[in-house]
Amino acid sequence: AGRSLLVTAGPTFEAIDPVRGITNHSSGKMGFAIARAAAEAGATVTLVAGPVHLPTPRGVRRIDVQSARQMLDAVLPLAATHGIFVATAAVADWRPSTSTEQKIKKDGSGQAPTLTLTENPDILATVARLPEVVRPWCVGFAAESHDLVRHAREKLQRKNVPLVVGNLGPATFGRDDNTLLLVDAEGERELPTGDKLRLARALVAEIAQRMAAGA
Ligand code: CTP
């Protein structure tokens with residue numbers, strides 16, 4: 001209660017042309033559940049959402065974006081005014097290097113066009129690198145298909161954040177339940193499998209405890 005929390009959720013959509021793009025299977029459910037749980041706990045919550053079909057939780061301010069660059073542009077000015085940042089978004093790692101204004105048509109040659117990709121900015125790592133006076137307390141997520149602990153711990157160090165929440169991505173996308181693994185400098189702890197709202201409440205309680213302990 002009394003804290004402010006900024007959360008990213010959902011996939012991003014990286015346009016190839018006006019009718020096509022690159023995206024992923026993230027439903028946004030976990031991020032929306034965290035926004036709801038934090039608002040219920042008394043926090044001021046801003047949710048930056050990629051393209052998802054989910055209702056805005058009560059009392060939450062929502063900003064809709066499409067691409068990773070739009071998500072970064074929305075997040076950066078808000079980061080300094082929020083005490084906590086939770087990055088649940090499944091940000092597309094790459095975008096087409098060029099996006100055409102007109103639909104790409106088949107030219108009759110039978111040759112498919114070649115897509116050249118450019119790496120997107122890392123939103124969480126960018127926020128975690130902000131100067132200490134304006135940097136929120138950062139929580140990352142790690143969606144993995146295997147070796148969850150190793151990859152989550154590697155992200156903790158690489159992105160320089162105090163807490164990473166691991167989950168097995170393909171098994172959880174779009175589902176209502178999930179299993180979360182909290183990974184910090186001290187060790188690992190599993191939150192038992194449950195629906196995403198229950199897990200979100202447990203995670204918000206964890207964050208609140210760390211805040212109270214002066215993290
Ligand atoms: N993240 C982000 N911006 C990106 C990529 C990831 O903010 N461009 C954040 C995610 O929201 C998540 C964390 O970083 O909190 C880890 O995301 P994940 O997709 O699991 O890892 P990547 O950094 O993309 O690494 P890899 O694809 O190699 O697993």
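Quick note: the coordinates plus some simple rules give every number you see, no bench work behind them. In this text, all values refer to a predicted model and were calculated from it rather than measured experimentally. For neighbour counting, all protein chains shown are included, and Cβ atoms are generated from backbone atoms with ideal geometry for every residue, glycine included.
Key figures for this structure:
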| read-out | value |
| --- | --- |
| GNM top mover of 109, 26, 99 - the chain, alpha-carbon springs below 10 Å | 109 |
| Under-5 Å amide H pairs with residue 94, H placed in peptide plane, nonlocal only | 120 |
| Rounded tilt (10° steps) of 148-158 against the dominant C-alpha axis of the chain | 90 |
| Residue-wise HN-Hα coupling along region 205-214, computed from phi with Karplus coefficients 6.51, -1.76, 1.60 (Hz; x: Gly, Pro) | 5, 4, 5, 4, 4, 5, 5, 5, 7, x |
| Kirkwood hydrodynamic radius of region 113-215, Cα pairs, Å | 15.0 |
| Degrees separating the helix 68-79 axis from the principal Cα axis of the chain, which is the longest one | 30 |
| Dmax and Rg, reported as Rg then Dmax, of the chain (C-alpha, Å) | 17.8, 65 |
| Hits among aspartates and glutamates - C-alpha to C-alpha of residue 159 under 17 Å, sequence gap 8 or more where chains match | 93, 119, 122, 132, 144, 184, 186 |
| In order through region 123-140: 3J(HN,Hα) via Karplus (6.51 cos²θ - 1.76 cosθ + 1.60), integer Hz, x for Gly, Pro | 5, 4, 5, 5, 5, 5, 8, 4, x, 3, 5, 10, 8, x, 6, 9, 10, x |
| In nm, spacing of pseudo-spin labels at residue 101 and residue 160 (7 Å Cα→C-beta vector) | 4.0 |
| Helix-derived mean residue ellipticity, 222 nm - over the chain, DSSP H n ≥ 4, -39500 (n - 2.57), to 500 | -8500 deg cm²/dmol |
| Residue range of the chain that is longest and free of trypsin sites (Lys or Arg not before Pro) which are both DSSP loop and sparsely packed (at most 13 other C-beta within 10 Å) | 1-57 |
| Share of Cα-Cα pairs in region 27-106 lying beyond 15 Å, as whole percent | 61 |
| Net +/- balance of residues flanking residue 84 in space, Cβ distance below 13 Å, scoring K and R +1, D and E -1 | +2 |
| Dipole magnitude of region 60-215 about its Cα centre (Cβ charges: Lys, Arg +1; Asp, Glu -1), debye to nearest 20 | 320 |
| Qualifying GluC sites (Glu not before Pro) in region 162-214, DSSP loop, other Cβ atoms within 10 Å at most 16 | 186 |
| DSSP beta bridge pairing in the chain, given as percent antiparallel to the nearest 5 | 40 |
